[in-house]
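Enquirer: This structure is in structure tokens; I'll ask about it shortly.
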Amino acid sequence: MLLMKPPTAQGGSALSFPHLGHYLGIPSPCFRLAPDQKYALLSVRPQAPVGKSFNFRKTAAAQFCLKFRHGYADIRVVKPAPATEKTSASNSLALPGQRFVARQPILDRAQNVFGYELLFRNGVEDYFNADPELAARSTLDSSLLYGINTLCDKRRAFVNCTCEVLFKDLITLLPPNQTVAEILETVEPEDRVIAACKRLKAAGYLIALDDFAPNDPRVPLCEFADIIKVDIRATRPEERAGMMRRFGSPKCKMLAEKLETPHEFHQARDMGFVYFQGYFFCRPEVVIGREVPASRLHYIRLLEMVSRREIDMRELEKMLKQEASICYRLLRYLNSPLFGFALEIKSIRHAIAVLGEREMRRWIRLVVTVGAAEQKCNELVLMGLARARFCELLSNRLQSNTDLFLMGLLSIMDAILEVSMDVLLEQLPVERETKAALLGQKSSLRPLYQLMLAQESGEWSQSSALAKQLKLPDEEVASTWWQALQWAQDATSGV
């Protein structure tokens, strides 16, 4: 049996396995997804026609993996890894409640999201385990568990591949049109690796070479590579330029990773890199003295209004009507299937009356964020809303009366509105502790703020230490982040 997250928790429809029973020699109707309160149990229930029986001998192993070979799948029993000092029972691949997931966006030259590199951790102690084989298998296993579309929002998934993952074709568990096999720097270009690359290319997968360096021993693999990733922190400009001239082509695109500032992004783009990875897009690109750009001022005024303790609804209605795009988004959202109102909402006044003050604050912030980011990377909006929801969900556990949704949202608004954080906060009635946390100063909210960033970027050891400081179980933090990310995806689909 397999434990899986319920389909409703994944934001998707019921799961189906139309071919799995056939490959096991069991009719497909035998496979049912029976949801319970936390997980769903994929169980084998014999419903054979009269006179027929099943042989479950091959499925008796506690652990197995599905492997596609030449278009077919068969069951291979996987022997449990020998126990070591660095592993524990809490790291079992069959425990969804202990999954920790992060994703790092990969952007194109226009700063649109091309895909995500997936980062997983199985259990509380997993970041101490330096075994790349376990990490790679965990990524594949978790991708299947969570759903690749939910994790990557229907974009490409970059999945790290060790030698064993390549030899056993494990990457073919994931769909070729959404998966990039990212070959680690530890993989040597031996004959079996080359043969695996040929199989992947024939099956339609993209191949990326991770952490490519000058005089890299994986040069023989470049003929199969669609993407070559270069760490700008580990290479000099002249080395990057040399690799660009030698390997960059319409067939093989170059990716610059570990970019931390907009300036580094522009330098890499000017050099000819096509894809970019790092959190450079989270930082304000344009800071004009001490003034807020006029084009952004209206959004800040709306944020200011819904951040007050008491809102003048007439004044709010008047301001909303001055911004046509925000009115449109708000009305479209309220009339979406997410709400399912019997009557169509046709006016801002009606919307305010229907939503109520608390929800109105939240959704004004949402549509303001989306509207302000029209010319920015869409990932900023998703990231900001996920941060906001994560902080809000933990507010009760932390017994905080602070507007933590606002804190999470403001953490990204400096980049969206293209102003520095101190200038932005001068315009808003933000509580002192929230302001201090956002400015990197001492604050009771600073640990939560840092936990939010660590969970987002997959800094597992830091996340665990901060969770302990806040007296939160690691599993609860991971689950809360996953809920926040799903909520953000659902929210942005409505606006």
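Enquirer: Quick one: how many residues across segment 445-490 are under 21 Å from Leu424 (Cβ atoms) and not aliphatic (A, V, I, L, M)?
Expert: 4
Enquirer: Any chance segment 416-434 includes a residue that's outside any helix (DSSP H, G or I), at positive phi and not aromatic (Phe, Trp, Tyr)?
Expert: Yes.
Enquirer: Which residue pairs have Cβ atoms closer than 6 Å, lie 6 or more positions apart in sequence or on different chains, and pair a first residue in segment 300-323 that is closer than 11 Å to Arg361 by Cβ and in a helix (DSSP H, G or I) with a second residue that is open to solvent by 30 Å² or more (accessible area, probe 1.4 Å) and among the basic types (Lys, Arg)?
Expert: Val306/Arg361
Enquirer: At pLDDT 95 or above, of a type in the set (Gly, Ala, Ser) and either under 22 Å from Leu255 (Cβ atoms) or open to solvent by less than 10 Å² (accessible area, probe 1.4 Å) (or both): which single residue out of Ala136, Ala196, Ala157 fits that description?
Expert: Ala196
Enquirer: Here's another thing I want to ask about it. Of the residues in segment 176-192, how many are in contact with a helix residue (DSSP H, G or I) (Cβ under 7 Å, 6 or more places away or on another chain) and surrounded by fewer than 20 Cβ atoms within 10 Å (Cβ to Cβ)?
Expert: Here the count works out to 6.
Enquirer: While we're looking at this one, here's another question. For segment 432-464, which positions are within 23 Å of the chain's Cα centre (by Cα), open to solvent by 60 Å² or more (accessible area, probe 1.4 Å) and of a type in the set (Gly, Ala, Ser)?
Expert: The one that is within 23 Å of the chain's Cα centre (by Cα), open to solvent by 60 Å² or more (accessible area, probe 1.4 Å) and of a type in the set (Gly, Ala, Ser): Ser461.
Enquirer: Of all residues in segment 263-310, how many are modelled with pLDDT under 85, open to solvent by 50 Å² or more (accessible area, probe 1.4 Å) and within 24 Å of the chain's Cα centre (by Cα)?
Expert: Residues meeting the conditions: 2.
Enquirer: Looking at this structure, is Ala202 free of Cβ contacts under 8 Å to residues at least 60 places away in the same chain, among the hydrophobic types (A, V, I, L, M, F, W, C) and either crowded, with 20+ Cβ neighbours inside 10 Å or touching a strand residue (DSSP E or B) at 6+ places or on another chain (Cβ under 8 Å) (or both)?
Expert: Details: free of Cβ contacts under 8 Å to residues at least 60 places away in the same chain: yes; among the hydrophobic types (A, V, I, L, M, F, W, C): yes; either crowded, with 20+ Cβ neighbours inside 10 Å or touching a strand residue (DSSP E or B) at 6+ places or on another chain (Cβ under 8 Å) (or both): no.
For Ala202, the condition - free of Cβ contacts under 8 Å to residues at least 60 places away in the same chain, among the hydrophobic types (A, V, I, L, M, F, W, C) and either crowded, with 20+ Cβ neighbours inside 10 Å or touching a strand residue (DSSP E or B) at 6+ places or on another chain (Cβ under 8 Å) (or both) - is not met.
The values are calculated or read from the model by the stated rules, or taken from the named source; none is laboratory data. What you are looking at is a predicted structure, and each value in this text was computed from that prediction instead of being measured. In this analysis, Cβ positions are derived from the backbone assuming ideal geometry, glycine residues included, and neighbour counts consider all displayed protein chains. Heads up: the accessible areas ignore ligands, DNA and RNA and are worked out on the full protein's heavy atoms, side chains in. Shrake-Rupley method; radii C 1.70, N 1.55, O 1.52, S 1.80 Å.
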